Amino acid sequence: MSLVSTPLRQSSKSPASRSTVRAMEVGQYVIAVALTLVGIIRATGEGVAPTVATISGLAIIGAHTVGTLIPSRTNSTTVIVLWLLGFTAIWIATVAVSSAFIWLAFLLWLLAGHLLPVTWGIVYSLIVFVVATAAPILHHGSTTYANVFGPLIGGIFAFGISRGYLQLLKDGQERERFVHSLTQAQQEMAELQDELALAHRHSGAISERTRLSREIHDTVAQGLSSIRLLAHAAATPTSDPESARAFEQIGALARESLADVRRIVAALAPAELEHSALSTALDQLLVKLAEETGIDTALHIDPSLPALSSDADVALLRSAQSALANVRLHSGAQHVTVSLSDAGDSIRLDIMDDGRGFDAAAWEQETNVASASFGIRFMRSRLRELGGGIDIESAPGEGTAISIHIPHAFEEQS
């Protein structure tokens, strides 16, 4: 790691960012070596003893090499700034030896753009510019326009390109994080669709079992019950013992068969008859949350809730999963209640917890400009496509309530 990547060391984790930073590290080191060699050659040509010029150059290279090792040893900004000041002092000493080393000011301007805030970077760059323009006067007693405007233009260019590369890296990391969030959201959506498909199949199986149980109850069971009643009625007035015995046997057989049919009907009619695919998936989410965190959960389903389209199911379940993930990570709640209801003009999904809460108004303002709230953005975008939305109410110490709604108009259109 080098000083180039120091401001970005927490976020330069993707292959693209690492390769860009690595290219900048190599480029910076090449610039340092090239400018030092030029300084040694020109200083020797100006009459400086080769040994003195070489030692001066080696001091510059050594100090720069030490700087490349600092970030791997410490994360202290103070240490890095102290190194920069020390490196600057060594450069000033070499400039005192020969004005040929003033061209290393370009390296200092590059470092200033990477390591210092804009304001301090500008102040530092101005100090370096003063030293670079004063050196020819101190050594030769005069200067030229080239010795003034050359460092001025070069300093502006070096500092500007350094800040520009830094911003490009940050923008690249932001794009990579956005793409990663999109990919993660796509994977979660695929998983949710699989869960919903499984829930739909489960719901379909329940519906088919319910239909069969009703059909058996309304046909075979009713027929056997009628046969039993008719056999009992026919056996009562008859005087023929054989006929009476036959009717009794028919009635007994009908009674036993009716009992078997009722057991079959009871087995086919499951306890989850009132559950839809969405409510089953919500129940699974809450069971998992309770098992993994110990949070007390409750699920309330409106019995009058109409059947929902798969798009609405996905949107509501995805929203519930995101909300419950926030409860798990941030709320510190002891109780969570999820309600799915028919609000007359819309389907509403409410998630309430008794956690620590937060300042919802301030959070909303931060969400509008922050780059990290992709979950809320995706959730709102998905709900907006269905004509719905999300409302968040919270205050510090008062828990959080999230209300998600999808209008009936969308369901009717679907």
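The values are calculated or read from the model by the stated rules, or taken from the named source; none is laboratory data. Note that the structure is a prediction, hence the values are computed from the model and not measured. Don't worry about glycine lacking a Cβ; one is built from the backbone with ideal geometry, like all the others, and counts go over all protein chains shown.
Evaluation of L138 against the conditions (1) loosely packed, with under 13 Cβ neighbours inside 10 Å; (2) assigned to a loop (DSSP other than H, G, I, E, B) shows that the sole unmet condition is (2). Of the residues making up segment 47-66, none is modelled with pLDDT under 80, outside any helix (DSSP H, G or I) and more than 17 Å from V97 (Cβ to Cβ).
Scanning segment 327-350 for residues that are within 14 Å of E393 (Cβ to Cβ) and in contact (Cβ under 8 Å) with a residue 60 or more places away in the chain gives a single hit, S331.
On the given criteria, is V265 surrounded by fewer than 17 Cβ atoms within 10 Å (Cβ to Cβ), farther than 25 Å from S319 by Cβ and at pLDDT below 75? No, not satisfied.
Among the residues here, L152 does not qualify as in contact with a helix residue (DSSP H, G or I) (Cβ under 7 Å, 6 or more places away or on another chain) and surrounded by 15 or more Cβ atoms within 10 Å (Cβ to Cβ). D353 meets each of the listed conditions (1) acidic (D, E); (2) without any contact (Cβ under 8 Å) to a residue 24 or more places away in the chain; (3) in contact with a Gly (Cβ under 8 Å, 6 or more places away or on another chain) apart from (2).
The condition (being at pLDDT 80 or above, part of a helix (DSSP H, G or I) and surrounded by 14 or more Cβ atoms within 10 Å (Cβ to Cβ)) is satisfied by just one residue among I80, I102, I70: I102.
Does D260 satisfy the criteria of being at pLDDT 75 or above, within 60 Å of the chain's Cα centre (by Cα) and more than 20 Å from A205 (Cα to Cα)? It would help to see each step written out before you state the result.
Values: at pLDDT 75 or above: yes; within 60 Å of the chain's Cα centre (by Cα): yes; more than 20 Å from A205 (Cα to Cα): yes.
In short, yes.
For L349, the conditions (1) under 20 Å from E385 (Cβ atoms); (2) at pLDDT 85 or above; (3) out of contact with any Leu (no Cβ under 7 Å at 6 or more places or on another chain) all hold with the exception of (3). In segment 209-222 there is at least one residue matching the filter, namely being out of contact with any Lys or Arg (no Cβ under 7 Å at 6 or more places or on another chain), of a type in the set (A, V, I, L, M, F, W, C), modelled with pLDDT of 70 or more and under 30 Å from L278 (Cβ atoms). Only residues that are at pLDDT 70 or above and part of a helix (DSSP H, G or I) were counted in segment 15-46, giving 20.
For segment 284-332, the set of residues classified as within 24 Å of the chain's Cα centre (by Cα) and either among the β-branched types (V, I, T) or at positive phi (or both) consists of V287, T293, I295, V314, V327, G332, listed by residue number.
Scoring E274 on the criteria (1) over 12 Å from V338 (Cα atoms); (2) at pLDDT 85 or above; (3) charged (D, E, K, R) leaves a single failure, condition (2).
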